Amino acid sequence: MNKMVRMEDNPVSREDRRTVGKPFSGSPRMICRNVNVFYGDKQAIQEVSIDIGRNEVLAMIGPSGCGKSTFLRCLNRMNDTIDNCRVTGEIRLDDMDIYDRKVDVVPLRARIGMVFQKPNPFPKSIYDNVAYGPKIHGLASTRRELDEIVETSLTKAGLWDEVKERLAQPGTGLSGGQQQRLCIARAIAVSPEVILMDEPCSALDPIATATIEELINELRTQYTIVIVTHNMQQAARVSQRTAYFHLGDLIEVGSTKRIFTNPIHPLTEDYITGRFG
Amino acid sequence: MNFPLLLIVIFVFSQAAYWLGYKKAFFSAGEKGPVHLHSRPQYYGTLTVLWCVIPPLFILVAWSVFSETVLTGLALKTMSEYTGNLSPDEISLLKSDLRNIVSGRFIPPAADAALLEAADHYRHMRDIGRQGLSALALASMILGTIIVLVRIRPGMRARNHVEKMISITLITCSTIAIFTTVGIVLSVLFESILFFQQVPVTEFLFGLKWSPQMAIRADQVAASGSFGAVPVFAGTVMISTIAMLVAAPLGLMSAIYLSDYADRKFRAAVKPLLEILAGVPTVVYGFFAALTVAPVIRQFGESLGLSVSSESALAAGLVMGIMIIPFVMSISDDVINAVPQALRDGSYALGATKSETIKKVIIPAALPGIVGGMLLAVSRAIGETMIVVMAAGLSANLTANPLQAVTTVTVQIVTLLVGDQEFDSPKTLAAFALGLLLFVVTLILNIIALYIVRKYREQYE
Ligand SMILES: Nc1ncnc2c1ncn2[C@@H]1O[C@H](COP(=O)(O)OP(=O)(O)O)[C@@H](O)[C@H]1O
Ligand SMILES: [Mg+2]
């Protein structure tokens with residue numbers, strides 16, 4: 001089944017699984033074409049084609065189990081760590097096909113960072129958590145440079161003022177929201193171009209969530225961000241474009257404002273108005 | 001009534017008691033139905049069973065524990081004109097003669113009429129006692145059942161009673177193990193105190209010479225024996241160290257391979273296999289050490305121009321190390337697997353390779369647990385006996401050369417207690433002192449290890 005992308009605006013039937021809206025972008029950072037993902041024999045993603053624009057925040061929404069995390073993990077080849085997972089299709093970062101045999105995942109993952117649902121700081125000091133990535137990629141040759149990277153990363157993640165007095169204390173001793181910002185700082189420290197976030201606020205309280213959302217807004221100027229979220233207000237607050245997934249199909253993509261005010265596909269509408277999922 | 005028959009009667013009756021309790025509860029609820037009982041009717045049945053079974057069983061247990069002492073005392077009373085002027089030793093001799101006669105094992109040739117008469121008396125009273133016992137047990141069974149049945153009414157908190165009795169049973173079971181341990185410690189402790197009355201503690205702890213052979217009879221020519229435990233402990237430390245030098249790296253590496261590199265199928269096949277290895281009797285490892293490893297080491301050493309004794313610390317240590325590899329591996333593998341997948345993902349997502357992730361994230365995170373596991377392995381190595389008996393020798397050399405024969409604490413305990421012994425000579429008692437010291441050392445190691453492991457667990461909860 002090779003799916004066409006529909007652009008025209010006439011009514012779409014509920015059974016139609018072709019992507020509607022504007023999946024492509026004028027200045028794409030990442031380009032995904034006809035991506036399929038299989039876990040063993042089971043297909044989790046079908047023929048997804050989408051662009052991720054430069055310096056935009058793309059939100060991915062959809063009911064649980066529709067394949068948002070699976071698709072996100074394709075973008076930095078984290079699915080390589082799952083034994084029975086197979087990815088076909090094409091995914092490019094700028095001009096590089098990231099699934100090309102010549103591409104090494106180690107530098108690739110430094111260029112495409114990732115933040116997880118549950119904050120997962122290493123059981124090391126706050127300093128070492130941030131310094132971990134730069135150290136393994138050899139980004140700093142002196143202690144001074146490393147100190148600098150740690151400070152700028154923590155500052156960008158809005159955590160510096162809270163932790164500068166206790167950099168030697170374990171990162172696991174921070175509050176949940178602080179831990180998540182530490183994980184963002186850790187990802188920033190290796191100077192990625194794209195940051196993938198998988199429900200980064202779902203384990204946090206509303207205040208910590210608000211802080212992270214503000215942070216995402218600031219980070220957009222320097223990074224391209226893809227965020228999976230269950231919270232539609234959050235998608236509306238932080239993203240410029242939104243993609244709606246349904247049972248492994250990419251149903252609709254468009255500007256966030258348009259998706260939330262005037263969805264084209266009946267399935268998108270059902271989900272946004274709360275009739276589904 | 002004999003004992004098995006009594007048990008059968010109690011069992012049959014308890015079934016009836018269950019039924020009675022159940023029905024009584026059911027009917028006491030009246031028209032409102034069993035929903036209005038405090039507990040479900042089964043609990044009333046169970047409660048009745050418990051009160052029907054426990055009193056007679058208690059009586060039977062008490063009889064089997066105390067009857068012999070009481071009956072012997074009573075029987076000896078009949079011959080009090082003899083026993084009056086006997087020493088305690090002679091009385092205990094008399095008692096064992098009496099029991100032998102009663103059980104019909106044999107009749108001591110020197111037994112006089114008074115003793116035989118006392119034995120008859122014993123048998124007579126025992127028969128009366130047994131009759132009375134059956135009657136008493138059955139009576140208590142019926143009484144217990146009736147008391148419960150009379151008191152069953154809808155508001156009775158049967159479930160709470162039953163659960164209380166179950167929890168008491170469980171507590172009793174768990175304390176049995178504890179009391180056994182306490183008993184072992186106390187018995188070792190008392191014998192050790194006897195030892196330390198003859199040999200000063202300081203000599204035992206700091207003395208450098210261990211040669212426990214001493215004259216048993218006054219006319220024998222022998223050294224007076226010296227009991228410095230240092231060489232023996234040094235042997236234990238050396239062999240355990242060699243064992244850990246083998247087991248720690250090999251065990252840890254195989255754990256890392258199994259948990260992070262091996263594919264699922266391989267792991268599923270190999271892990272149980274290695275755990276079977278842990279079940280090989282240590283005496284088999286002992287053969288292996290003495291007949292295969294020791295000669296190889298000896299030949300190899302000689303080809304290098306070293307003098308190697310045929311029983312060496314090295315051979316015993318190497319084989320003991322191989323023995324505890326599965327143990328170290330199994331614990332390390334559990335600990336490494338307990339490191340959350342999220343930490344691995346976090347590291348991979350930063351572009352770390354597998355080996356960087358293992359070295360810099362997983363091992364540091366798992367380290368306390370691994371150290372704890374290693375300490376547990378050390379205390380196994382320290383307590384191991386068979387391999388050392390067969391491969392390391394008996395001579396208490398104080399040496400740092402692993403190619404020489406040494407001896408260990410456990411081996412010395414065995415040799416001290418094998419053969420004909422006098423249980424009040426320092427030579428025999430020294431075994432208990434060694435045992436006590438060994439117990440204290442492994443206890444401390446285990447406490448430290450468990451503390452570390454527990455702390456490590458809390459970190460990820
Ligand atoms: N490791 C895996 N092995 C097999 N199936 C998986 C695995 N991870 C996810 N899946 C399946 O893929 C589908 C999409 O899952 P996921 O991407 O986690 O959904 P979402 O993040 O949108 O809730 C689900 O049906 C899920 O059961
Ligand atoms: Mg998900």
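Can you tell me which of A:Cys32, A:Cys66 is open to solvent by less than 40 Å² (accessible area, probe 1.4 Å), within 16 Å of ligand 1 (Cβ to nearest atom) and closer than 15 Å to A:Leu196 by Cβ?
A:Cys32
Take A:Val130 and tell me if it is away from ligand 1 (no atom under 15 Å from the Cβ), at pLDDT below 95 and of a type in the set (A, V, I, L, M).
No, not satisfied.
Take B:Lys427 and tell me if it is open to solvent by 10 Å² or more (accessible area, probe 1.4 Å), away from every other protein chain (no Cβ under 14 Å) and either within 27 Å of A:Leu139 (Cα to Cα) or in contact (Cβ under 8 Å) with a residue 12 or more places away in the chain (or both).
yes
Could you check how many residues of the stretch A:229-264 are of a type in the set (D, E, K, R) and surrounded by fewer than 24 Cβ atoms within 10 Å (Cβ to Cβ)?
4
Any residue at all in the stretch B:337-345 that is within 34 Å of the chain's Cα centre (by Cα) and either on the phi > 0 side of the Ramachandran plot or more than 14 Å from chain A (Cβ to nearest Cβ) (or both)?
yes
In the stretch A:186-223, which residue that is of a type in the set (A, V, I, L, M) and within 16 Å of ligand 1 (Cβ to nearest atom) is nearest to A:Gly53 (Cα to Cα)?
For the stretch A:186-223, the residue satisfying everything is A:Leu196.
Which residues, taken from the stretch B:314-336, are among the small types (Gly, Ala, Ser) and either open to solvent by 10 Å² or more (accessible area, probe 1.4 Å) or within 14 Å of chain A (Cβ to nearest Cβ) (or both)?
Matches in the stretch B:314-336: B:Ser330 only.
What are the residues in the stretch B:98-135 that are open to solvent by less than 40 Å² (accessible area, probe 1.4 Å), free of Cβ contacts under 8 Å to residues at least 40 places away in the same chain and within 37 Å of the chain's Cα centre (by Cα), if any?
Passing the criteria: B:Leu98, B:Asn100, B:Ile101, B:Val102.
I'm checking my understanding of the structure. Among residues of the stretch B:359-369 that are open to solvent by less than 10 Å² (accessible area, probe 1.4 Å) and within 28 Å of B:Met323 (Cβ to Cβ), which one is farthest from the other protein chains (Cβ to nearest Cβ)?
Residue satisfying both the conditions and the ranking: B:Gly369.
If you check A:Cys66, A:Cys85, which single one turns out to be within 16 Å of ligand 2 (Cβ to nearest atom), more than 10 Å from chain B (Cβ to nearest Cβ) and within 18 Å of the chain's Cα centre (by Cα)?
Matching residue, one of A:Cys66, A:Cys85: A:Cys66.
If you check every pair at least six apart or on different chains, which have Cβ atoms under 6 Å apart with a residue in the stretch A:59-79 that is closer than 15 Å to A:Cys32 by Cβ first and a residue that is of a type in the set (A, V, I, L, M) and within 7 Å of ligand 1 (Cβ to nearest atom) second?
Going by the 6 Å Cβ cut-off, the qualifying pairs are A:Met60/A:Val228; A:Gly67/A:Ala44; A:Lys68/A:Val228; A:Thr70/A:Ala44; A:Leu72/A:Val228.
If I ask for residues that are more than 10 Å from chain B (Cβ to nearest Cβ), under 24 Å from the mean Cα position of the chain (by Cα) and open to solvent by less than 30 Å² (accessible area, probe 1.4 Å), which ones from the stretch A:126-156 would you list?
A:Ile126, A:Val130, A:Ala131, A:Val150, A:Ser153, A:Leu154
Enumerate the helices (runs of 4 or more DSSP H) found wholly within the stretch A:176-277, keeping only those where 3 or more residues are within 16 Å of ligand 2 (Cβ to nearest atom).
Answer list for the stretch A:176-277: A:232-238.
Can you give me the number of residues within the stretch A:71-125 that are within 13 Å of ligand 1 (Cβ to nearest atom) and open to solvent by less than 10 Å² (accessible area, probe 1.4 Å)?
6
Given (1) under 22 Å from A:Ile112 (Cβ atoms); (2) surrounded by 24 or more Cβ atoms within 10 Å (Cβ to Cβ), identify the lone condition not met by A:Gln222.
All conditions are met except number (2).
So B:Ser355 fits all but one of (1) within 14 Å of another protein chain (Cβ to nearest Cβ); (2) touching a helix residue (DSSP H, G or I) at 6+ places or on another chain (Cβ under 8 Å); (3) assigned to a helix (DSSP H, G or I); what number is the exception?
Only one criterion is unmet by B:Ser355, namely (2).
Across the stretch A:35-63, which residue is most open to solvent (accessible area, probe 1.4 Å) among those that are more than 12 Å from ligand 1 (Cβ to nearest atom) and among the polar types (S, T, N, Q)?
A:Asn55
The values are calculated or read from the model by the stated rules, or taken from the named source; none is laboratory data. On a predicted model such as this, the values are computed, not experimentally measured, just so you know. FYI the Cβ positions are ideal-geometry reconstructions off the backbone, even for glycines, and counts take in every protein chain you see. Calculation scope for accessible area: heavy atoms of the full protein, side chains included, ligands and nucleic acids excluded. Shrake-Rupley method; radii C 1.70, N 1.55, O 1.52, S 1.80 Å.
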